[in-house]
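Have a look at the structure below, then the notes.
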Amino acid sequence: MRTKFIMRKSIFLLSFCLLVISCSTKNNSETLEKTNLNSKQKLVQETAILLGKLLTDSEVKNALNNKMKEVDKDANIVSFAYLLEQEEGLRKNEQATFKNQINNLRKQNIFKNALRKEFENNSNDYKTIKEILDKNLTSKNNFRSTAFIADELTNLLVSQELQIFFPFDPEYENDDQNAQEYYVSFDPLNNSQTNIGFQFNTGYSDYEIINNLDNNFLDNNPVYVIVPIDPCDIAGRPCNFIELLPTPLDQNNELITSENQFMVYNPSGFTNNNNTIPTTTLLTTNTNHNNIPETDGISSYIPRIRINGTGYMGFGGTHQKLRFYRGTTDGSVTQNADGTITASPKDYIVKEFRCKRKHVKDKNWVDFGAEFDQDWNMSENTQDFAIFSIHNLKATASFELSMKSGFKLEDGKIKPNAEASGSAKINVSVGNAKFRTNAEISRRIVLATIVGLGATGETVSDGGVDYNVKKNGIVDYYFKHYYTDL
């Protein structure tokens, strides 16, 4: 097994090197200066190179890996604040450990000492960092002693709310730490899916510039990436994104559900004309939507989703952030001059959430637990299901949702009907986002493919029921529908 893994890894690295050999460059400051980066991007780039130099010392590299293990169960992320012993700027998961170990932390800090020494000896290699520090020291009228510069360097890295992310998760434990060859890179801060990287070898200060690294390379090679801390991970910062967790699997590799697959419940205080309490039942067979009239209720729920890969993530992202919208025709009804009948459109946020990179990379089913439509009426012939990815961007993404309504004229009155009678559109704009994909889904098809292979040819077992997997871009999901006989 291990030999097979080593061969697979060697073949991958050899293939990659053949692809990039023409654009790999020895340590050359002129090459770096040609890159069109703003000051913030240059700062994180120089911080990446600075980190790479530090890790050529195996003792420093081990110290960093141990710090990651102290605060992160996945041992792949740590803030500069924690590394440099600064309480301000810690990640939420680092605060308790920091307070418990404060006395031990301040006895000796191998990483911090190495950082100060490298910058003191080679500050001219880090022009942007040096310019910022010089400006800060001038504004504070501080004498440029080694101690002052070291403190300002610490303050700068902490104030930028930077962290070190190591997404590589090898098949065998400690393969990542034992590798003599490693890479460093940085978030390009523009949501690009590729960036340059720097290849180092333990014990050697020289490095090679590698162009066009992507997320797949980060996941399959030992790469330390300098990235901003997600605001959701900083104490006191507003965060509207719910963290999705992977669904546990049983011994047969099936999803473990906490729900009764034949859930029946009685809504309190609700009676029909016969003075009986209506029951709500989970549908576990394919159903003809004509048999569920407007007078009865269908609640549609998405229990879990699966994001297939990092295609919607920027380079070096620690989390995938998505917002799901639905567009529907449940507004006011109008009879048009040509005799058609339409309903005004509305849009709703189904859910906005974030999911750890590893669950996206590994394509795990994660607990979604969101109501798609509390009462999917017959008159809502189709609904539009749209997905936006959220990023640290200034741009606003817009998309026009399209949907159909179902009505008919009967005895001079407008009544719900199973067939489409008109269409509607509504524009949705989302800040700091990119529009990714949408799918117009019909009530008829959705209820006809509750279980079984359907058009996608794929099912997922949940509570003993093989639900049909629906697809929207790189997102898989399935519905649970609850029927109430009113």
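In this structure, does residue 407 turn out to be open to solvent by less than 30 Å² (accessible area, probe 1.4 Å) and either touching a residue at least 40 places away in the same chain (Cβ under 8 Å) or of a type in the set (S, T, N, Q) (or both)? Yes, satisfied. When restricted to residues that are surrounded by fewer than 16 Cβ atoms within 10 Å (Cβ to Cβ) and farther than 26 Å from residue 309 by Cα, the range 442-452 contains 2. From the list 281, 318, 295, the one residue that fits, being under 24 Å from residue 403 (Cβ atoms) and in contact (Cβ under 8 Å) with a residue 40 or more places away in the chain, is 295. Taking the range 161-215 as the region of interest, the strands (runs of 3 or more DSSP E) fully inside it that hold 3 or more residues being at pLDDT below 95 and either over 19 Å from the mean Cα position of the chain (by Cα) or surrounded by fewer than 19 Cβ atoms within 10 Å (Cβ to Cβ) (or both) are 204-214.
Being open to solvent by 30 Å² or more (accessible area, probe 1.4 Å) and among the small types (Gly, Ala, Ser) is the filter here, so list the residues in the range 453-486 that pass it.
The first filter runs over the range 453-486 and keeps only residues open to solvent by 30 Å² or more (accessible area, probe 1.4 Å), leaving 453-459, 464, 466, 471, 473-474, 483, 485-486.
Those that are open to solvent by 30 Å² or more (accessible area, probe 1.4 Å) and among the small types (Gly, Ala, Ser): 454, 455, 457, 464, 473.
Each residue in the range 410-439 was checked for being among the hydrophobic types (A, V, I, L, M, F, W, C) and part of a loop (DSSP other than H, G, I, E, B), and 2 pass. Give the residue, chosen from 363, 358, that is closer than 25 Å to residue 307 by Cα, in a helix (DSSP H, G or I), in contact (Cβ under 8 Å) with a residue 12 or more places away in the chain and open to solvent by 20 Å² or more (accessible area, probe 1.4 Å). 358 is the lone residue from the list that is closer than 25 Å to residue 307 by Cα, in a helix (DSSP H, G or I), in contact (Cβ under 8 Å) with a residue 12 or more places away in the chain and open to solvent by 20 Å² or more (accessible area, probe 1.4 Å). Those strands (runs of 3 or more DSSP E) of the range 291-342 in which 2 or more residues are over 30 Å from residue 189 (Cα atoms) and open to solvent by less than 40 Å² (accessible area, probe 1.4 Å) occupy 297-307, 319-328. Against the numbered list (1) open to solvent by less than 40 Å² (accessible area, probe 1.4 Å); (2) over 22 Å from residue 370 (Cα atoms); (3) not in a loop (DSSP other than H, G, I, E, B), residue 400 comes up short only at (1).
Taking the conditions (1) of a type outside the set (S, T, N, Q); (2) touching a Phe, Trp or Tyr at 6+ places or on another chain (Cβ under 9 Å); (3) open to solvent by 10 Å² or more (accessible area, probe 1.4 Å) in turn, residue 345 satisfies each one other than (2).
The values are calculated or read from the model by the stated rules, or taken from the named source; none is laboratory data. These figures come from a predicted structure and were not determined experimentally. Heads up, the Cβs are rebuilt from the backbone with ideal geometry, glycines too, and the neighbour counts pull from every protein chain shown. Calculation scope for accessible area: heavy atoms of the full protein, side chains included, ligands and nucleic acids excluded. Shrake-Rupley method; radii C 1.70, N 1.55, O 1.52, S 1.80 Å.
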